[in-house]
1. Listed residues Arg223, Arg195; which is more than 17 Å from Tyr107 (Cβ to Cβ), in contact (Cβ under 8 Å) with a residue 40 or more places away in the chain and surrounded by fewer than 24 Cβ atoms within 10 Å (Cβ to Cβ)?
2. For the range 181-221, how many residues are of a type in the set (Gly, Ala, Ser) and more than 16 Å from Ser99 (Cα to Cα)?
3. When only residues in the range 69-82 that are open to solvent by 30 Å² or more (accessible area, probe 1.4 Å) and assigned to a loop (DSSP other than H, G, I, E, B) count, which is farthest from Ile37 (Cα to Cα)?
4. Residue under question is Phe143, and the condition is that it be at pLDDT 95 or above and either among the basic types (Lys, Arg) or open to solvent by 10 Å² or more (accessible area, probe 1.4 Å) (or both); does it hold?
5. With Arg2, Arg41 as the choices, which residue is among the charged types (D, E, K, R), out of contact with any helix residue (DSSP H, G or I) (no Cβ under 7 Å at 6 or more places or on another chain), modelled with pLDDT under 95 and within 17 Å of Ser248 (Cβ to Cβ)?
6. Say whether the condition of being at pLDDT 95 or above, open to solvent by 40 Å² or more (accessible area, probe 1.4 Å) and not in a loop (DSSP other than H, G, I, E, B) is met by at least one residue in the range 116-134.
7. If I filter the range 157-176 for residues that are among the acidic types (Asp, Glu) and at pLDDT 95 or above, do I get at least one hit?
8. Can you pull out every residue in the range 138-177 that is closer than 23 Å to Ser208 by Cβ and charged (D, E, K, R)?
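The values are calculated or read from the model by the stated rules, or taken from the named source; none is laboratory data. Remember, predicted model here, so these are calculated numbers, not experimental data. Cβ placement follows ideal geometry from the backbone for every residue including glycine, while neighbour counts extend to all protein chains displayed. To get the accessible areas, we keep the full protein, side chains included, count just its heavy atoms, and leave off ligands, DNA and RNA. Shrake-Rupley method; radii C 1.70, N 1.55, O 1.52, S 1.80 Å.
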Amino acid sequence: MRSYLTVSGAAALLVLAGVTATPATADDGAADRSFTIEDPRITESSGLAASRAHPGVYWTHNDSEDGPYVYAVDSRTGKTVATITMRGVGAPRDVEAISLGPDGNLYVGDIGDNLNGSWDHVWIYRFPEPKVLKDATVRATQFDVKYADGARNAEALMVHPKTGRVYIASKNENGGGLYEGPAQLTTGGTNVFRRVGEVPWVTDGAFSPDGRELVLRSYFSARGYAFENGRLGADHRVDAPLQGQAESVTYTADGSALMFGSEGARSDVVRVDIGGGSGGGDAKAPSKDGGGASSPAGDGGGGGTPVKGSTLVGAIVLAAVGVLVLANRRRNRG
C-alpha cells in the first residue's frame, strides 16, 4: 500500500543505494517468464494469482480507487486479455490480494486497513474463474470477515490448494499474524478468522500447489514455511527480486517457480525458479540477463521488517524505509 512506501520513494531509494532493477521481459516470449504489465489502467497491482484454466495468464487488480475490477494478464505479452467486473458486491475499499482456490473460484481480499483498526470488518469476494477469456460482468459472493483479536491491516490472502480454507496474514512493522478462516465461508453472518501463527511484515503470500509450503514476501525479502495441518513449520530463505514496491507473489501453475509483482505503471512481474520443484528448496532469483542467481535474500528473521541481503545497501534501504514508515504513520494519525 502506498501509505507505507510510495513507488517513487522506493525507486529513489534504489537509485541512491546504487541498485538497478531486474529486467522484466523475457527474450523468448514464453509463458510464465518475467514480464511487464502493459495495461495503463493497472497502476497499483497488489495481488497476483496464476490461472489454472488458462496457461500463462495471471489475475491481478489495483488496490484502491479502481472499482470492482479484476484483470487477466497474459505473461507472454504483458497485455490484458480480459477485464472482469464483479457484480453484487459493495464498493471496494482497499483490495490487496487474490488467490485461486481448489474449487475453481477466485478469492479477492478487500482486506487493507492502513489505520490498523479503522474498519470493524473487511470483505472477501468470490467468483468462478471464467472458462473463456473476455471482458465480462460476473456475480460475486461477498463474505464479511472479522478477526478474533480485533481489527488490523492485512495485504496477504491465501487459499489452501487442498482444503480450500482461507488464510490471511496481517501486516505490521513489528511482525504480524497468520489468521485461519472457518472451514467454509458463509454469507448472512460474520466469518471469524483466528490467529494461528506469527509472521514477519508481509505484503503477500502464496501456497505451493501441493499445499505443503507457504511463501510470504515483504518489501525486501521472502521466506518459505513448511505447512501442515494448518500450522507453520520450519522456515527457510527464498530469493526475491528487489522491486520498487514489492506487493505480490504467486506460484506458477506447475509450481516450478515463483512470480513476484510490484506496484506502479508498467510494473514488473519477475520469475524466480525454485530449486527442487514445488514446495521445497530455495528459490533462485534471476540475474540481469534472466539466468543464474542474484545475491541471496537475507534471512528476514522471525519478526520485524525482513531485509533482502545483509549488505550495506540493504541496511541503507531499510533505514530509509523506516523513516518513511514513521512519517506516514504520523500523517495517518494526524
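1. Answer to the selection: Arg195.
2. Of the residues in that region, 6 qualify.
3. First, the residues of the range 69-82 that are open to solvent by 30 Å² or more (accessible area, probe 1.4 Å): 69, 76-77, 79-81.
Then keep just the ones that are assigned to a loop (DSSP other than H, G, I, E, B); that gives 76-77, 79.
Details: Arg76: 10, Thr77: 8, Lys79: 6 Å.
Taking the candidates together, the pick is Arg76.
4. no
5. Working: Arg41 fails: modelled with pLDDT under 95.
On inspection, the qualifying residue turns out to be Arg2.
6. Yes, that holds for at least one residue.
7. No, the conditions are met nowhere in the range 157-176.
8. Glu155, Lys162, Arg165, Lys171
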